[in-house]
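Q: First the structure, which I've put down as structure tokens, then a few questions once you've had a look.
The values are calculated or read from the model by the stated rules, or taken from the named source; none is laboratory data. Just so you know, these numbers come straight off a predicted model, no measurement behind them. A quick note on method: Cβ atoms are made from the backbone with ideal geometry, for glycine too, and the neighbour counts reach across all protein chains shown.
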Amino acid sequence: MTTRRELILAAAGTALGVPALAATAAPILRKVPYSGEAVPVIGLGTSRTFDVDPASPAFQPLVGVMEEFFAGGGRLIDSSPMYGRAEGVTGALLGKTRRQGAAVVATKVWTDGRDAGIEQMNMSFARLGVTRMDLMQVHNLKDWRTHLPVLREWKAAGKIRYLGITTSFAPQYADFAAVMRAEQLDFVQLNYSIGEREAEKVLLPLARDRGIAVLVNRPFMRAELFRRVAGRTLPGWARDIGCESWGQAMLKWIVAHPVVTCVIPASAKAANMRDNMRAGFGELPDEALRARIAADVG
């Protein structure tokens, strides 16, 4: 099976040896509607990839991932108690790379009940090594009626900066939209990609109308989109928007939607992380090119 790294090398030749663009160019930024804070459009997800034993050999490559993320202009990192050891690993990596102050740290509450939620969130603070959380989200709407009032209390007290809700599957969209309409939210997180476009129908327009920032998960459909393009040469249109790989084209396709604030691909390899970060620079496709990219990926 063709790997992500092989696709990158085939498309870009020596691109992996190119210095990080952050040294010579500015990343594309989007503003959080609630505050006006600008964040780079490429962030970092930690689902699956950061669920490792910090004492194992699998931890050291993640140091390179974190270094490439910040070298490429990244800031926003998203995690969850649902992701096993990912929060603790993220905190350890931020400490090891001395980047605690540079990161916009987001995580989630994923349990039932007020007391259990408070206990879990306090544990997340400790694991991630922060005294104030930038963004706390209710994961997949789990007991959201209980947790959102607590998040508002914590925001008013200065313990968190932003609050939101998340989803990663279309069958939950109707309930998700109802919460977006009924509640005052700073962020929503949802799945959106060339292969999963349902969010275009209701959720993205609703976020625009309600002034809600949007984080995007599952940008590659857990590598399904790479399987679709395996063995295929990157088309000529890629040069028009500075893309050196299929992955960059897929990410730029997402970022080109004006409502998207930040997309959070996960990676366990520094080379892939560097490739992802390069999608946050340069030109974005217009609607005609977005249509062509979607058709070519399939």
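Q: Show me the strands (runs of 3 or more DSSP E) entirely contained within the stretch 92-208 in which 2 or more residues are aromatic (Phe, Trp, Tyr) and closer than 30 Å to Ala71 by Cβ. So that I can check it myself, show each step before the final result.
A: Numbers: elements: 104-109, 133-138, 160-166, 187-191.
Output list is empty.
Q: Filtering the stretch 269-293 down to residues that are among the small types (Gly, Ala, Ser) and in contact with a Lys or Arg (Cβ under 8 Å, 6 or more places away or on another chain), which residue is nearest to Ser245 (Cα to Cα)?
A: Ala279
Q: Separate question: Of these, Arg85, Arg98, which one is among the basic types (Lys, Arg), at pLDDT below 95 and surrounded by fewer than 22 Cβ atoms within 10 Å (Cβ to Cβ)?
A: Arg98
Q: If we scan the stretch 259-270, do we find a residue that is touching a helix residue (DSSP H, G or I) at 6+ places or on another chain (Cβ under 7 Å), more than 27 Å from Asp186 (Cα to Cα) and not basic (Lys, Arg)? Reasoning before the result, please.
A: Our first condition is that a residue be touching a helix residue (DSSP H, G or I) at 6+ places or on another chain (Cβ under 7 Å); within the stretch 259-270, this holds for 259-260, 263, 265, 267-270.
Now narrow it down to the ones that are more than 27 Å from Asp186 (Cα to Cα): 268-270.
Retained after the next criterion (residues that are not basic (Lys, Arg)): 268, 270.
Among the residues of the stretch 259-270, at least one is touching a helix residue (DSSP H, G or I) at 6+ places or on another chain (Cβ under 7 Å), more than 27 Å from Asp186 (Cα to Cα) and not basic (Lys, Arg), which makes the answer yes.
Q: Scan the stretch 159-167 and tell me whether some residue there is more than 15 Å from Ala106 (Cα to Cα) and free of Cβ contacts under 8 Å to residues at least 60 places away in the same chain.
A: Applying the first criterion (more than 15 Å from Ala106 (Cα to Cα)) to the stretch 159-167 yields none.
No; the residues of the stretch 159-167 include none that is more than 15 Å from Ala106 (Cα to Cα) and free of Cβ contacts under 8 Å to residues at least 60 places away in the same chain.
Q: Of the residues Ile264, Ile241, which is of a type in the set (A, V, I, L, M), in contact with a Pro (Cβ under 9 Å, 6 or more places away or on another chain), touching a residue at least 40 places away in the same chain (Cβ under 8 Å) and within 30 Å of His147 (Cα to Cα)? Steps first, answer last, please.
A: Numbers: Ile241 fails: within 30 Å of His147 (Cα to Cα).
When all the criteria are applied, what remains is Ile264.
Q: For Tyr162, only one of the following conditions fails: (1) under 21 Å from Glu224 (Cα atoms); (2) among the aromatic types (Phe, Trp, Tyr); (3) surrounded by 17 or more Cβ atoms within 10 Å (Cβ to Cβ). What is its number?
A: That leaves (1) as the condition not met.
Q: Could I ask something else about it? Which members of the stretch 24-41 meet the condition of being surrounded by fewer than 18 Cβ atoms within 10 Å (Cβ to Cβ) and of a type outside the set (A, V, I, L, M, F, W, C)?
A: Thr24, Lys31, Tyr34, Ser35, Gly36, Glu37
Q: Also, quick follow-up: Hey, can you tell me all the residues within the stretch 52-79 that are buried (at least 18 other Cβ atoms within 10 Å of the Cβ), on the phi < 0 side of the Ramachandran plot and assigned to a loop (DSSP other than H, G, I, E, B)?
A: If the condition is that a residue be buried (at least 18 other Cβ atoms within 10 Å of the Cβ), on the phi < 0 side of the Ramachandran plot and assigned to a loop (DSSP other than H, G, I, E, B), then Val52, Gly72, Gly74, Arg75, Ser79 are the ones that fit.
Q: Now, a different point. Quick one: count up the residues across the stretch 31-51 that are in a loop (DSSP other than H, G, I, E, B) and either touching a residue at least 60 places away in the same chain (Cβ under 8 Å) or of a type in the set (Gly, Ala, Ser) (or both).
A: 12
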